[in-house]
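The values are calculated or read from the model by the stated rules, or taken from the named source; none is laboratory data. Keep in mind it's a predicted model, so treat the numbers as computed, not measured. Glycine also receives a Cβ, built like all others from the backbone with ideal geometry; neighbour counts cover every protein chain displayed.
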Amino acid sequence: MTRIRALLVGLMAMGLVGLPGAVSAGTPSSGFDRAVIRHQTSIRWMAFGHIHAAGSAMTIVGQVASFAQGHRGALAGVQVKLYRRLDGNSTWVYQSAQRTGTGTLPQFHFRTVTRQNAHYKVVFGGNASFGPTSEVTWGTVYRLFNGKITDRSGAATYAGNVTPFYTNKPISLQKRSCATCSYVTVKRATTGTNGAYRFSLPAPSNGRWWWRVAVPGTVAFIPSYGGTITTELV
């Protein structure tokens, strides 16, 4: 019997302690050599968020799944590694390693800081009983506007700075005239040092207007929007 090095747990996985080895040809002096049966594995993603603000934490959650002796489950206590490839680059960069849990629902939980749009690859290298596998997932990142509203006579002022790294880049002011209307760009500008911007937000003579600022997407970041602001005369 070839002993299973990693515990397969999950649905109906009780009692899974070993798998028979396959016998290969041998010589009288050496007896029988036993070839190891390695069961196929796959990465099973669990629910986690894929869209994050720049610089925030992203947690990648999943399992190393397999099927053995009629039971399907997840491997407990095996090492997995995380790699990241920033969008626009071709190189996978090693991030960290950890072991899957040992409870009834063994998972890996990789925590990483979101720098920009990227793909992430989780790799299980395999062991004596279970074959290697890897799978790729993704994470997208939006910019922050760090804005502040100042009420003034005739019009409010909305000012802030776009981060990260957004000096001398395009920014637009968008408006909609009703809660269900589409946004329309009413002004275009270029950010200053450290992504600084400033817009004047007037109000209609009756009712209210809705405003937001926006920057286009790039390879590194998805199209990004500031929070909705409303103006009205009081």
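A few remarks follow.
- Filter result for Asn168 (loosely packed, with under 15 Cβ neighbours inside 10 Å and not in a strand (DSSP E or B)): yes
- Of all the residues in region 107-154, those that are closer than 30 Å to Tyr166 by Cβ, part of a strand (DSSP E or B) and either without any contact (Cβ under 8 Å) to a residue 12 or more places away in the chain or more than 24 Å from the chain's Cα centre (by Cα) (or both) number 3.
- In region 189-225, the qualifying residues are those that are among the small types (Gly, Ala, Ser) and at pLDDT below 95, and the one that is nearest to Thr163 (Cα to Cα) is Ala203.
- Some residue of region 167-177 being of a type in the set (A, V, I, L, M), within 30 Å of Asn89 (Cα to Cα) and under 27 Å from the mean Cα position of the chain (by Cα): yes
- When residues in region 66-115 are screened for being among the small types (Gly, Ala, Ser), surrounded by fewer than 18 Cβ atoms within 10 Å (Cβ to Cβ) and farther than 18 Å from Val141 by Cα, 7 of them pass.
Per-residue answers, yes or no, for (1) without any contact (Cβ under 8 Å) to a residue 40 or more places away in the chain; (2) within 15 Å of Gly147 (Cβ to Cβ); (3) out of contact with any helix residue (DSSP H, G or I) (no Cβ under 6 Å at 6 or more places or on another chain):
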{"position": "Gln174", "(1), (2), (3)": "no, yes, yes"}
{"position": "Ser177", "(1), (2), (3)": "yes, no, yes"}
{"position": "Cys181", "(1), (2), (3)": "yes, no, yes"}
{"position": "Val186", "(1), (2), (3)": "yes, no, yes"}
{"position": "Ala196", "(1), (2), (3)": "yes, yes, yes"}
{"position": "Ala220", "(1), (2), (3)": "no, no, yes"}
